[in-house]
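What follows is one structure encoded as structure tokens, with my remarks underneath.
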Amino acid sequence: MSNNLIRQDQIIPGTIKQRHLCASSTIANGDLYYGDGNNNFVRIPTGVTNGFLSIVNGIPSWSNTLSIYANNAAALAGGLVVGSLYRTGANPDVVCIVH
């Protein structure tokens, strides 16, 4: 098992069996986990101050900058999902929400 993965079958409803939680790595304050679609949980370490969690192509990750897209259609084509934020890069540089 990778240092960053735990399996879904290692979870008891409402709790995680501590003996299986990243046994060969540490859990830091603020770490997050997400399901990878293959019954594994993947660790996302704490991000940077003022960063935000974004999702591109279904994968969450920390970011401290917004991607630039000309419009909503371009943002969707670029892999952003409804509810994601992006910038237009124009003057003024507008922050938009994918819809």
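Read-outs: derived from the displayed coordinates by stated rules, not from any lab. Just so it is clear, the structure is predicted and the values come from calculations on it, not from any experiment. Cβ: placed from backbone, ideal geometry, glycine included. Neighbour counts: every protein chain shown.
Here residue 55 and residue 90 are evaluated by their C-beta separation; at R0 = 30 Å the FRET efficiency comes out at 0.80.
Stretched out straight at 0.36 nm per residue, the stretch from residue 99 to residue 28 would grow longer than its current Cα-Cα span by 22.1 nm. Taking the inverse of the mean 1/r over every pair of distinct Cα atoms in region 52-97 gives a Kirkwood hydrodynamic radius of 10.7 Å.
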